[in-house]
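Worksheet: one structure, shown below.
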Amino acid sequence: GQTIGPFYGYALPYENGENLVDRSHPGSVRLHGTVYDGHGVPVPDSMLEIWQADENGKVSQETGSLIRDGYTFTGFGRVAVDNEGQYTFTTVNPGPTEAGKAPFICLTVFARGLLNRLFTRIYLPEDTEALANDPLLSGLSEDERATLVATREADGSLRFDVHLQGDGETVFLAYPGLE
């Protein structure tokens, strides 16, 4: 790992990396939010990646995640935040990968001061029974669980803010072999 520096903001994002589907797709949804540091200040030099199942719960095995052909859902997206720490993806609500499982989006955070990337999940708020039975969420306090569940806004979009430290710090995950 290395610190994010100015490199990620101009060298790693790619054309349409934030668009997993076109906004005209009938099931498209906006996933957006802000990345905050431990003092609650937006982080303007971070980059986010998501990976998710499609609306039917199918995890894509398609190649070409960095090439958007307008037809193939690869389940992968990458975006640099703007100068106010805000990000937006256009995607679909992921379906559960197994019956009764809570659907979620995997999120990876690259930001200043981080020697290694951070991993977390974004859960959809609607299926409260599946959320209550999720093994990861069940092992967390109520306050910790709340940091992993997106908010559904009136327009149908999902809001998910990332708090790198401090009050309301997002729960981050460790995957053996990926640290």
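A short reminder: the numbers here are calculations on the coordinates, not readings from a lab. Just so it is clear, the structure is predicted and the values come from calculations on it, not from any experiment. Methodologically, a virtual Cβ is constructed for each residue, glycine included, from the backbone with ideal geometry; neighbour enumeration extends over all protein chains shown.
For region 13-53, GluC sites (Glu not before Pro) meeting the loop criterion (DSSP other than H, G, I, E, B) and having at most 12 other Cβ atoms within 10 Å: Glu15.
Relative contact order, whole percent, for region 54-131 stands at 25, derived from Cα pairs under 8 Å and 6 or more residues apart. What shape does region 20-179 take by its C-alpha gyration tensor, where a ≥ b ≥ c are the square roots of the eigenvalues and a/c under 1.5 counts as rounded, a/b above b/c as prolate, and the rest as oblate? The shape class here is rounded. Computed over the chain with a Gaussian network model linking Cα atoms closer than 10 Å, the most mobile of Pro103, Pro26, Pro13 is Pro26. Note on Asp167 and Tyr14: the model spin-label points, each 7 Å out from Cα along the C-beta direction, lie 4.1 nm apart.
Phi angles across region 78-90 convert, under the Karplus curve 6.51 cos²θ - 1.76 cosθ + 1.60 with θ = phi - 60°, into 3J(HN,Hα) values of 9, 8, 8, 6, 7, 6, 10, x, 9, 9, 8, 10, 10 Hz, Gly and Pro given as x.
Sites listed here are chymotrypsin sites (Phe, Trp or Tyr not before Pro) in region 11-98 whose DSSP assignment is loop and whose Cβ has at most 10 other Cβ atoms within 10 Å: Tyr71. Normalised by the number of residues in the chain, the mean separation of alpha-carbon contacts (under 8 Å, six or more apart) gives a relative contact order of 28 percent.
Whole Å is fine, so just give me how far the alpha carbon centre of region 69-94 lies from that of region 107-160. The two parts, judged by their Cα centres, are 16 Å apart.
With each label modelled as a point 7 angstrom along the Cα→C-beta vector, the Ala132-Arg152 pair spans 1.7 nm.
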